[in-house]
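Here the structure is laid out as structure tokens; the discussion comes afterwards.
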Amino acid sequence: MGTNGNEEVTSLYSLSCRDRRFSKHIHDNVHGNIYLDPFFLQFVDTEQFQRLRELKQLGLTHMVYPGAVHSRFEHSLGVYWLAGEAVHTVQGHQGSEINIERNDIRTVKLAGLLHDVGHGPFSHLFEREFLPRVLNGSEWSHEDMSVKMIDYIVDAHHIEIDSAILNNVKEMVLASSANASQNTVNEKRFLYDIVANGQNGIDVDKFDYIVRDSRACGLGCNFQFQRLLETMRVMGDEICYRAKDYLTVHKLFATRADLHRTVYTHAKVKAIELMVVDALTLAHGELSISASIQEPAKFWKLDDSILRQIETSDKQELKKARDLVLRIRRRDLYQFCNEFAVPKDKQEHFKDITPQDIVCSQKNGDTPLNEEDISVSIVKINLTRGRSNPLERIMRVITNFR
């Protein structure tokens with residue numbers, strides 16, 4: 001490319017337009033037409049990626065919010081598209097100043113496409129509730145499995161890809177996880193904050209799922225990612241936003257917290273999740289559900305259909321698990337008893353409640369309960385930065401620019 005910034009932008013978009021002649025497009029109900037060129041189709045048109053169609057984005061939430069049947073397949077396409085839009089935006093405004101190359105764009109988009117390819121069934125229930133119960137102390141994460149699955153897809157389907165691109169894609173997928181690479185990126189650090197931002201939590205993954213989940217559940221959404229997407233710039237090797245957009249940034253985190261309160265941790269949703277975890281635990285001995293979690297060749301065959309497998313099985317060994325699933329179908333759910341909120345300033349003194357505490361607090365004359373009759377769900381909802389205000393971190397990168 002030439003040294004002139006405008007020439008670079010023209011060349012970039014001209015190339016993008018030419019590529020569309022060889023692209024497939026998918027009409028998405030959130031972003032409209034999403035274009036996939038042959039390079040990305042190599043990944044999409046594999047059984048491992050198509051498996052994402054069988055993983056509902058919100059797990060079991062559709063049993064309370066019937067519209068929430070969207071899958072990780074469409075979410076992944078959405079993140080892929082927004083990742084491309086984000087990198088094109090900063091390229092279009094800043095040109096040679098930040099030296100984005102074609103491979104950089106390809107890397108960021110591929111990271112967006114594949115960031116959830118290692119996800120387990122039933123949203124986060126699989127890794128946060130089920131695996132720790134059957135594998136004591138399990139630290140398995142879908143981000144780590146996504147990295148393994150990416151390598152598996154490349155090898156199994158003989159996809160030709162530059163090793164540097166592949167390594168960068170995997171680091172971008174891990175960027176906000178506990179196992180993010182500790183290696184300091186020497187240049188273009190900002191590219192690693194687009195898909196999964198471990199620094200301040202503003203990323204296109206959230207842009208997509210907040211709008212998509214709200215729409216699927218029939219809820220309004222005041223957060224408009226387009227405003228942030230159109231005005232993002234690179235300063236000090238970080239993605240930055242205009243100072244006057246701080247309310248939009250706050251809406252991102254506030255809307256996410258509201259979704260957790262009203263949708264993701266809805267009392268009936270939690271009751272169903274607890275029942276499914278119990279059913280999976282009862283079925284684990286017969287089905288060895290966790291046996292595949294380190295082997296991509298087997299793991300890609302595990303999806304939400306495992307619940308149907310339990311429900312329709314005639315095996316006596318699965319009877320208790322099957323009975324629990326039938327209770328869910330017949331709406332004979334675990335009964336919600338009570339909840340209370342712990343004020344922020346009291347949390348450091350708060351002791352987690354256990355079933356034993358509930359049993360010990362029973363009054364004379366109450367129907368006697370045993371510990372196995374009780375499930376306690378402790379939910380911590382914040383604005384992604386623990387007890388800290390995320391804007392305290394964001395304000396360091398929000399700036400004024402012309």
Quiz prompt | In region 55-85, the residues that are aromatic (Phe, Trp, Tyr) and open to solvent by 10 Å² or more (accessible area, probe 1.4 Å) | solution = Tyr65, Phe73, Trp81
Quiz prompt | Qualifying position, being within 24 Å of Tyr264 (Cβ to Cβ), out of contact with any strand residue (DSSP E or B) (no Cβ under 6 Å at 6 or more places or on another chain), open to solvent by 20 Å² or more (accessible area, probe 1.4 Å) and at pLDDT 95 or above, among Glu143, Glu139, Glu160 | solution = Glu143
Practice problem: Could you please tell me which pairs satisfy a Cβ distance under 9 Å, a separation of 6+ or placement on different chains, a first residue in region 205-227 that is in a loop (DSSP other than H, G, I, E, B), and a second residue that is among the hydroxyl-bearing types (Ser, Thr, Tyr) and open to solvent by less than 10 Å² (accessible area, probe 1.4 Å)? | Solution: Cys217/Thr61; Gly220/Ser214; Cys221/Ser214; Phe223/Ser214
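Among what's in region 244-264 and is farther than 24 Å from Gly84 by Cα and open to solvent by less than 60 Å² (accessible area, probe 1.4 Å), pick the residue that is farthest from the chain's Cα centre (by Cα).
Looking only at region 244-264, we keep the residues that are farther than 24 Å from Gly84 by Cα, and these are 244, 247, 254, 257-264.
Imposing the further condition that a residue be open to solvent by less than 60 Å² (accessible area, probe 1.4 Å) reduces the set to 254, 257, 259-260, 263-264.
Numbers: Ala254: 17, Ala257: 15, Leu259: 14, His260: 13, Val263: 15, Tyr264: 13 Å.
Once the filter is applied, the top-ranked residue is Ala254.
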Quiz item: So which pairs qualify, if the first residue must be in region 236-247 and closer than 15 Å to Lys188 by Cβ, the second must be in a helix (DSSP H, G or I) and among the aromatic types (Phe, Trp, Tyr), the Cβ gap must be under 7 Å, and the two must be at least 6 apart or on different chains?
Solution: Asp237/Phe190; Glu238/Phe190; Ile239/Phe190
Quiz item: outside any strand (DSSP E or B), farther than 30 Å from Lys148 by Cβ and modelled with pLDDT under 95: does that describe His250?
Solution: yes
Quiz prompt | Flag for Asp116 being modelled with pLDDT of 95 or more, in a loop (DSSP other than H, G, I, E, B) and either basic (Lys, Arg) or under 22 Å from Leu174 (Cα atoms) (or both) | solution = yes
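Please go through region 316-338 and give me each residue that is touching a helix residue (DSSP H, G or I) at 6+ places or on another chain (Cβ under 8 Å) and either surrounded by fewer than 12 Cβ atoms within 10 Å (Cβ to Cβ) or in a loop (DSSP other than H, G, I, E, B) (or both), ordered by number. Give the steps one after another, and end with the answer.
Taking region 316-338 and keeping what is touching a helix residue (DSSP H, G or I) at 6+ places or on another chain (Cβ under 8 Å), we get 317-318, 320-322, 324-329, 333-336.
Once the filter is applied, which keeps residues that are touching a helix residue (DSSP H, G or I) at 6+ places or on another chain (Cβ under 8 Å) and either surrounded by fewer than 12 Cβ atoms within 10 Å (Cβ to Cβ) or in a loop (DSSP other than H, G, I, E, B) (or both), region 316-338 yields Arg329, Leu333, Tyr334, Gln335, Phe336.
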Quiz item: All but one of (1) open to solvent by less than 10 Å² (accessible area, probe 1.4 Å); (2) among the small types (Gly, Ala, Ser); (3) on the phi > 0 side of the Ramachandran plot hold for Ser123; which doesn't?
Solution: (1)
Exercise. Consider Gly236 carefully, then state whether it is on the phi > 0 side of the Ramachandran plot and either open to solvent by less than 40 Å² (accessible area, probe 1.4 Å) or modelled with pLDDT of 95 or more (or both).
Key: no
Self-check item: Hits in region 368-402 - residues which are modelled with pLDDT under 75, open to solvent by 100 Å² or more (accessible area, probe 1.4 Å) and not charged (D, E, K, R)
Solution: Met395, Asn400
Self-check item: Near pairs, Cβ below 9 angstrom, 6+ apart or cross-chain, from region 290-302 (without any contact (Cβ under 8 Å) to a residue 12 or more places away in the chain) to any residue that is buried (at least 20 other Cβ atoms within 10 Å of the Cβ) and in a loop (DSSP other than H, G, I, E, B)
Solution: Ser292/Trp300; Ser292/Leu302
Practice problem: Could you list all residues from region 207-224 that are open to solvent by less than 30 Å² (accessible area, probe 1.4 Å), of a type outside the set (Gly, Ala, Ser) and modelled with pLDDT of 95 or more? | Solution: Phe207, Asp208, Ile210, Val211, Arg212, Asp213, Cys217
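Rundown of residues vs (1) within 25 Å of Ser76 (Cβ to Cβ); (2) polar (S, T, N, Q), yes/no style:
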| position | (1), (2) |
| --- | --- |
| Gln199 | yes, yes |
| Asp203 | yes, no |
| Ile210 | yes, no |
| Arg233 | no, no |
| Asp237 | no, no |
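Every residue in region 271-310 that is among the small types (Gly, Ala, Ser) and in contact with a helix residue (DSSP H, G or I) (Cβ under 8 Å, 6 or more places away or on another chain), please. Break it down into steps so the answer makes sense when it comes.
Residues of region 271-310 that are among the small types (Gly, Ala, Ser), as a first pass: 271, 279, 283, 285, 288, 290-292, 297, 305.
Within region 271-310, Ala279, Ala283, Gly285, Ser290, Ala291, Ser292, Ala297, Ser305 meet the criteria.
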Exercise. Working carefully through the options Glu139, Glu85, find the one that is of a type in the set (Asp, Glu) and assigned to a helix (DSSP H, G or I).
Key: Glu85
Exercise. Would you tally the residues in region 89-115 being surrounded by 23 or more Cβ atoms within 10 Å (Cβ to Cβ) and of a type in the set (D, E, K, R)?
Key: 1
Exercise. Consider only pairs whose beta carbons are under 9 Å apart and that are at least six residues apart or on different chains; among these, list those whose first residue lies in region 357-380 and is within 22 Å of Val276 (Cα to Cα) and whose second residue is charged (D, E, K, R) and open to solvent by 70 Å² or more (accessible area, probe 1.4 Å).
Key: Val376/Asp352; Ser377/Glu339; Ile378/Asp352; Val379/Arg261; Val379/Glu339
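The values are calculated or read from the model by the stated rules, or taken from the named source; none is laboratory data. This structure is a prediction, so every number in the text was calculated from the model and none was measured. All Cβ positions, glycine included, derive from the backbone under ideal geometry; neighbour counts span all protein chains shown. Protein only, heavy atoms only, side chains kept; ligands, DNA and RNA dropped before computing areas. Shrake-Rupley method; radii C 1.70, N 1.55, O 1.52, S 1.80 Å.
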